[in-house]
Structure formats: C-alpha cells, structure tokens
Amino acid sequence: MENTEIIKVQHLAKKFGSFQAVKDVSFTVNKGDVFGFLGPNGAGKSTTIRCMLSLIQANHGSIELFGKELSTHRNEVLSKIGSIIEKPDFYRYLSAEKNLEIFARISGKDVSRREIAEMLDFVGLNGRNKDKVSGFSHGMKQRLGIAQTLLHQPELIVLDEPTTGLDPQGIVEIRKLILRLKTEQNKTVILSSHQLSEIELISNRMVIINKGQSIIEGDVKELLNAQEMVVQMELDDLDKAVRILTDQFKEASYKCLNDRNIEIQIEKKHVPLVNQAFVEQGISVHSMEPKRKLEDFFMKIIQS
C-alpha cells in the first residue's frame, strides 16, 4: 500500500537577525508514523516545528500539510493538528476537567463532559478530574497536555520534547501514551527529542538534524541495521581469531582488550559469519555482546 504523505517540508530556512537558526531542513511524514525529529539542543528542531505550526514564518522553503500549502490553507490544515510546544500551560487553581472545558470552548469545538472524562481516562488521569492542576506532578501535567491536544480530534499530534524533566517512570508513561495515540487513536505523531534511546524505542521513521540542516532521514530499523556495530567477544584463542579476521574479514577493524577479549567493528550482517568462522576453526566463543547504541550512530552522523 502506498504511503500517504501528510507533511512535506522542503529546504526550510529561518533567520533571527544575523543568527541562522535553520539553514536547510527537508523531511516527509507519512500517515500513521511515529516520526522521530532528532537533534542536539540548538540544532533547530523547535524553530522548524514553530514554522510548521505557523507560529513563526520561515524565510525560505515550503511546508505542505495534508497535501496543501500552509501559506495558503493555514486555518484548514492547522485545524487537523494538536501540539504541545515546550511545556503545557494550565489554570493552576482550576480542575483538570474545567481546564479542558475552557480549552474546548477556545478551540470552538462542542465537547461534552463525557468526552472530556474519556480523554482524561485515556491519558491515565481517571479519578483526578475534579482535582486542581496545582497539585499535579510534571508528568501528570504532560499527560493532561496530551488530553488537551485531543479535544478537537486532530489527525496529527506534534510533541516537542515531551519527556524533558520527567523521572524514569514518567518517561515510560509518556512513551506508552505516545504508542497508544498511534495504535488506539490512529494518530500520526511527530516526536521532537534529543533523547535518542526514546526515539529508537517508539519511532518507526526519523530525521536527524544538526546545525540547522537535515542530515539523514529514513526507517529507524533500516538506518540502524545498515550501520557498523561493535561486538565484544570473549575467546579462548585470541591470536588465531586475529589471523582469521586479517585473512577473511579485511573490512573489519578490531582491538584486543586483554588476552581473552576482543572488540570487532564490522557491519551487522557480517557478525554471524565471523562467529561461524571462529567456531569452525576450533575457537571457543564464550560470550558475544553487541556494543552499538543509537547514541553512537547519532554521534557518527553529526560529526561526519
């Protein structure tokens, strides 16, 4: 089945005075994606998202949302988007329920109390409907923010650094909630983050941007599987292992850690072949541990 593009950003650029916040960013998001928008702090992620939501105007480039130009169909396309930029803001001394009622009226949507209760239940705030937001933890406010984005039943949810400042349990809760937005609510999600391990766990596609430019875009698993990885092996004959690597796997690089352990850097598809060659030559492989992390891949990309 052919993918349906719902976002197409081409050669986006944005300047603030003499500062070039975004130089050249391009990417596409397909319907049903959990799309990871990756980059270190200051890479231009938030500026790009603000341009995409028409909060600021780009100096150059084009943005298409749902097949239509943002510049000429602004109200129509933005009505299909819910977003949290930075941290959600609420009336602290009103209840969760009352806050959502107010935001529903502001959005111009007729949302019943039953629907609001269902949204609060969906984000894990069932039973806290009447509680004042002032007593909510940071993680609860983030989940209430996601409930707020759902009030007008958008097709696309944009979350800018939603796990910043959360404890490990809060991060897990937001991660599960994002996946449920896709699987249960059929939403497309853009997730901006510098927490690379989070993207690996929940995104199916991603773009990496650095210094205001998009570096690489594609399927998360394909991008990671295509990269070289480091495997640490514990062997009983390191000298013979080195000879096999030198003779049969000239593209591999290695480092002997001690008289029993070696680190081998090689394409992932060749790892089982190396292991097979060692075993066939009578080398006992006592352990094998992959060392490649998404952080390593990310650093390799942005430093190249």
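The values are calculated or read from the model by the stated rules, or taken from the named source; none is laboratory data. Not measured: the values here are computed from a predicted model. Heads up, the Cβs are rebuilt from the backbone with ideal geometry, glycines too, and the neighbour counts pull from every protein chain shown.
Out of region 227-253, which residues are hydrophobic (A, V, I, L, M, F, W, C) and buried (at least 16 other Cβ atoms within 10 Å of the Cβ)?
M229, V230, V231, M233, L235, L238, A241, I244, L245, F249, A252 - these are the residues of region 227-253 that are hydrophobic (A, V, I, L, M, F, W, C) and buried (at least 16 other Cβ atoms within 10 Å of the Cβ).
Out of D89, D33, I need the residue that is in the same structural domain as E198 (by TED's automatic domain parsing), surrounded by 15 or more Cβ atoms within 10 Å (Cβ to Cβ), farther than 14 Å from I209 by Cβ and charged (D, E, K, R). Which one?
So the residue among D89, D33 that is in the same structural domain as E198 (by TED's automatic domain parsing), surrounded by 15 or more Cβ atoms within 10 Å (Cβ to Cβ), farther than 14 Å from I209 by Cβ and charged (D, E, K, R) is D33.
Does E251 count as at pLDDT below 90 and not assigned by TED's automatic domain parsing to the domain that holds R50?
yes
So, of the residues in region 1-37 that are in contact with an Asp or Glu (Cβ under 9 Å, 6 or more places away or on another chain) and among the small types (G, A, S), which turns out to be farthest from T48 (Cα to Cα)?
Among those that are in contact with an Asp or Glu (Cβ under 9 Å, 6 or more places away or on another chain) and among the small types (G, A, S), it is G36.
Report yes if some residue within region 205-214 is without any contact (Cβ under 8 Å) to a residue 24 or more places away in the chain and within 16 Å of the chain's Cα centre (by Cα); otherwise report no.
No: zero hits.
Taking helices (runs of 4 or more DSSP H) that fall entirely within region 105-183, which contain at least 3 residues that are of a type outside the set (A, V, I, L, M), surrounded by fewer than 18 Cβ atoms within 10 Å (Cβ to Cβ) and in the same structural domain as R50 (by TED's automatic domain parsing)?
Where helices (runs of 4 or more DSSP H) fall fully within region 105-183 and carry at least 3 residues being of a type outside the set (A, V, I, L, M), surrounded by fewer than 18 Cβ atoms within 10 Å (Cβ to Cβ) and in the same structural domain as R50 (by TED's automatic domain parsing), they are 113-122, 168-183.
Among the residues of region 254-272, which ones are loosely packed, with under 13 Cβ neighbours inside 10 Å and not in a loop (DSSP other than H, G, I, E, B)?
Answer for region 254-272, where residues must be loosely packed, with under 13 Cβ neighbours inside 10 Å and not in a loop (DSSP other than H, G, I, E, B): K255, K269, P272.
Check region 46-68 and report whether any residue there is surrounded by fewer than 17 Cβ atoms within 10 Å (Cβ to Cβ), part of a strand (DSSP E or B), touching a Leu at 6+ places or on another chain (Cβ under 9 Å) and in the same structural domain as Q213 (by TED's automatic domain parsing).
yes
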